[in-house]
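Throughout, read-outs are computed from the coordinates displayed, never taken from laboratory work. Small disclaimer: the values here were computed from a predicted structure and weren't measured. Methodologically, a virtual Cβ is constructed for each residue, glycine included, from the backbone with ideal geometry; neighbour enumeration extends over all protein chains shown.
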Amino acid sequence: MKILALSGIIPEHICDVDRFFAYAGDKKINHYCGYVADYICQVEQDDRYDGAVYPKSCDSCRVISSYLRSDDKFSYQFPSISGNDENAWDFLACVLKDYKSALENFYEIEISVADVENRIEIINKRAKELEKIYENLENISYFEYMTMIHQVLSLPLEEQVGAISSFEINDISQKDNSVFIVGSTLSQLNILQQIEDLGLNIVGDSLPESGRLISKEPVTLSDDVYKSIAKSMLSGKKSPSENDFHQMLELDMEEITSKKVVGVIFLTQKYCEPYNFYKSVYKKKLDELCIKYIEIEQKDTVEDIRADVVLETFAEMIVRN
Amino acid sequence: MGANVEILKTQAKLMKEYYKYFSKYSKGKEPDKKVAWVTAFTPVEILEALDISYYYPESYAAVIAASGKEQDFLETSQRDGLSLDCCSYSCCIQGSICNADGPRGTAPRPDVLIATNNQCNTLPNWWNILAERYDVPLIVLDYPGENVPREMAEKYVYNQHKKLIKQMEELSGNKLDMAILEEKISNSQKSVEAWEKIVELMPERQIEPTLLFDGISFLITSRCDEKTSRLYELLAEDYSENYPKRQEGKAKAFWLGYPLWYHENRYLKESLDSFEIVGSNYITWWSLSYEGDDVFKKLFSAYNFTFLNLSQQERTKRLVHLIEKSGAKCAITLHNKSCKCDFVSASEIKIPQAELDIDMIDRNYMDMDRAKEKIGILQDIVG
Ligand code: SF4
Ligand code: SF4
């Protein structure tokens, strides 16, 4: 059983899923984000995967099931949930149970409550470990931090906590010029190295695999374990596709101002409408706070983003100030 | 009163009621009711029953394009920071709001914004930026469609509808009368039934698609108004009595996708001389089926199973059925740059097609030479 999951919205509490980062796919779907097109390709072409799980949270994701129609592979789409109240938790809890049953039926396995509780414990521990590192971001290399995260998240869950502590992340000397990263899952890490090489210090982010992941409330075990997972999943920083720009802006601006951030780097995928809408209001907020802003758009997950010129200009503006 | 006069009077009345508080006509007068901006598949019966006015930005974007003003607004919205990769409905309205301009002025300021995700996820995202601009409450209603077992979806939607009623009671200061809600739903049902009679006539009578693309606007904006079903009954009578039967000769084609709102005929009439359009799926999108034995079941079945919220299998099934019923032997299939959700709807349709890349708002998007070439090839195929 090897399942490829798209986006941070997919739960890891029920079974192991591999988070999709990048794939050199040859499928290009007009007007769809490259992240989704490459994901579809990997599910279809990479024989290591026998399953796919993805949300219905944006227009590109919405139609994935129109492309993934093979009966040979497990396929499950999580509905989009915008609320964060009793009704939303109950519904998501039912969806989680439905997902578990679908897995059990397809793979002819049994997933017990004890299995799920065990995973919850590891996920809670992992979040704590990552949070400790995140709190110290201004003193360490963000590129190395994210490299660690990507490698850790690619391991089976039970190996992840141990793996975090085995990584060594170097301190950095550059403590000024604090910048903040916003965007969808990062597929190319080299851009982070470019940013650091230009003398910018990345002190925070709201990426799904980092800032958003650790912002989730820990799952508190209760009689209804699925509802507890649901509550945790719907807590914390959201993705723009979860439809609460107001909350997201508030949380980001709070972090940005408290960390004295002077510039924000938006890393997005071409044709990603949630971020296209979100950035239009985000930029206005930053303008009000006199914080510099730059957007770097990737056309797919493997494109080598050489944003040297724009980044250099951005860095110059920041350093000059 | 003659039928034609009644048709014209009813259309004018419905339009007047809808646009009364748009800035061009209101003479600065504020609406006397609370105002909601809603997406095209919002359960407006609830708002009607609570005496709340509601407006559809998407529909207004179509009106803007039809008036020829869209290019200015698209440019303005880009300057305002909205990417032109976003759905052109949103860009067009963003431009109209920034410029405080539009063929009928601008809609009254919203007191609440209500978005649904039963057609796309663009709309709730778009409504989020409106909420930031107007600083008013945003309500997003989730409709899971066919993704989860029906019972599960029904309970989730029921609770959201209950909550919506409570929020709208607070906003309007009115208490919901269930009998009125029943009546509004019944009006919507009747509007749908009457509209369906018109749709059924399209394959057999020489009715221009333009009439239906424009005519459906009342089903969108005024479906709970009892005048709408009366209007459609009269139109159906008029079409069946006064429009000649279709002749053999031209190739029968199905219009698969959005109307081109910027086009004076809403479709490529000038390039389709040797075809006749005998059907369209767009004109069936608001044929909502209010099934069930109580109001909540009816609202669930109407708004959870909208065309763009269905699985690919179900969409294909519906399209195949519509095409067969229309008698079309080929299709003009539109790949709409604005609408990722509809982009794949026709991917499993097997009849010969001219597949055109279009945008329903931006007249500069389509490569007309390429489109003509594809239509020419289709013509050669279907002879
Ligand atoms: S990058 Fe944007 S468009 Fe692509 S899957 Fe993520 S949210 Fe959707
Ligand atoms: S055209 Fe498509 S993307 Fe745009 S609002 Fe309509 S359904 Fe949504």
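Per residue of A:65-72, count partner chain C-beta atoms within 10 Å of its C-beta, then hand back the mean as an integer.
So the per-residue partner count for this stretch is 3.
Distance from the C-alpha centroid of region B:15-50 to that of region B:289-325: 27 Å, rounded to the whole angstrom.
So, counting K/R as plus one and D/E as minus one, what does the shell of residues with Cβ under 10 Å around residue A:285 add up to? Walk me through the intermediate numbers first.
On the way: positive: A:283, A:284; negative: A:250, A:252, A:287, A:288, B:132.
That sum, taken over residues with Cβ under 10 Å, equals -3.
Rounded to the nearest 500 deg cm²/dmol, what is the calculated helix-only ellipticity per residue at 222 nm for chain B, with -39500 (n - 2.57) per DSSP H run of length n ≥ 4? The per-residue figure over chain B is -15500 deg cm²/dmol.
Can you sort A:146, A:1 so the residue with the fewest Cβ neighbours within 10 Å comes first?
Values: A:146 22, A:1 14.
Taking fewest neighbouring Cβ atoms as first place, the list is A:1, A:146.
If you model region B:244-383 as an ellipsoid using its alpha carbon gyration tensor, with each semi-axis the square root of five times an eigenvalue, the axes come out at 28, 18, 14 Å, biggest first. Using all alpha carbons of chain A, what is the percent of pairwise distances in each 20 Å bin, ordered from the shortest bin to the longest? With a bin width of 20 Å, the distribution comes to 32, 60, 8, 0. For the peptides A:185-193, A:112-120, B:353-361, residues were scored by their other Cβ atoms within 10 Å and the scores averaged per peptide; the highest-first order is B:353-361, A:185-193, A:112-120.
Would you mind checking A:56/A:132; B:20/B:227; B:20/B:163; A:97/A:125 for any pair whose Cα atoms are more than 21 angstrom apart?
Details: A:56/A:132 32 Å; B:20/B:227 17 Å; B:20/B:163 29 Å; A:97/A:125 23 Å.
Pairs exceeding the cut-off: A:56/A:132; B:20/B:163; A:97/A:125.
With the convex hull drawn over the C-alpha atoms of region A:186-321, the volume per residue is 122 Å³. The trypsin sites (Lys or Arg not before Pro) found in region A:162-252 that occupy coil by DSSP, while having at most 15 further C-beta atoms within 10 Å, are A:175.
Dividing the convex hull volume of the alpha carbon atoms of region B:20-179 by its residue count, what do you get in Å³ per residue?
122 Å³
Compactness of region A:148-209 was expressed as the Cα radius of gyration divided by 2.2 N^0.38 Å, which yields 1.25.
Per the Kirkwood formula on distinct C-alpha pairs, the Rh of region A:50-171 is how many angstrom?
Over region A:50-171, the inverse of the mean reciprocal pair distance is 17.3 Å.
Could you compute Rg(Cα) / (2.2 N^0.38 Å) for chain B, with N its residue count? Intermediate values should be presented prior to the final figure.
Numbers: Rg = 20.5 Å, N = 383, 2.2 N^0.38 = 21.1 Å.
Relative to the 2.2 N^0.38 Å estimate, chain B comes out at 0.97.
Under Stokes-Einstein, with the Kirkwood radius over Cα pairs as Rh, the value for region A:3-80 at 4 °C and 1.567 mPa s is 104 µm²/s.
For region B:117-182, treating each Cα as an identical point scatterer without solvent, what Debye log10 I(q)/I(0) comes out at q = 0.26 1/Å? Rounded to two decimals, the profile gives -1.12. The ellipsoid that matches the Cα gyration tensor of region A:252-292 has semi-axes, each √(5λ) in whole angstrom, of 20, 10, 8, with the longest given first.
In debye, nearest 20: dipole of region A:3-80 around its Cα centre with unit charges on the Cβ of K, R (+) and D, E (-)? Let's see the in-between values first.
Working: 8 positive and 12 negative charges, 70 e Å.
Value, rounded to 20: 340 debye.
Counting only other chain Cβ atoms within 10 Å of each residue's Cβ, the peptide A:281-287 averages 3. Among residues other than residue B:104 with Cβ under 12 Å from its Cβ, the summed charge is +3 (Lys and Arg +1, Asp and Glu -1).
Cα-Cα over 22 Å: which of B:9/B:175; A:128/A:292; B:16/B:184; A:259/A:279; A:27/A:238; A:237/A:283? Checking Cα-Cα distances, B:9/B:175; A:128/A:292; A:27/A:238 exceed 22 Å. Between the helical axis of A:308-320 and the longest alpha-carbon principal axis of chain A there is an angle of about 60 degrees. Near residue B:291, once Lys and Arg are set to +1 and Asp and Glu to -1 for all other residues with Cβ below 14 Å from its Cβ, the sum equals -1.
Could you work out the per residue convex hull volume over the alpha carbons of region B:311-383, in cubic angstrom? The partial results should precede the final answer.
Values: hull volume 6.3 nm³, N = 73.
So the per-residue hull volume is 86 Å³.
Rounded to two decimals, the Cα-based Rg/Rh of region B:173-298, with Kirkwood Rh, is 1.06.
From the C-alpha gyration tensor of the protein assembly as shown, pull out the three semi-axes of the equivalent ellipsoid (sqrt of 5λ each), sorted largest to smallest, in whole Å.
On the way: eigenvalues 393, 150, 146 Å².
Semi-axes (√(5λ), whole Å): 44, 27, 27.
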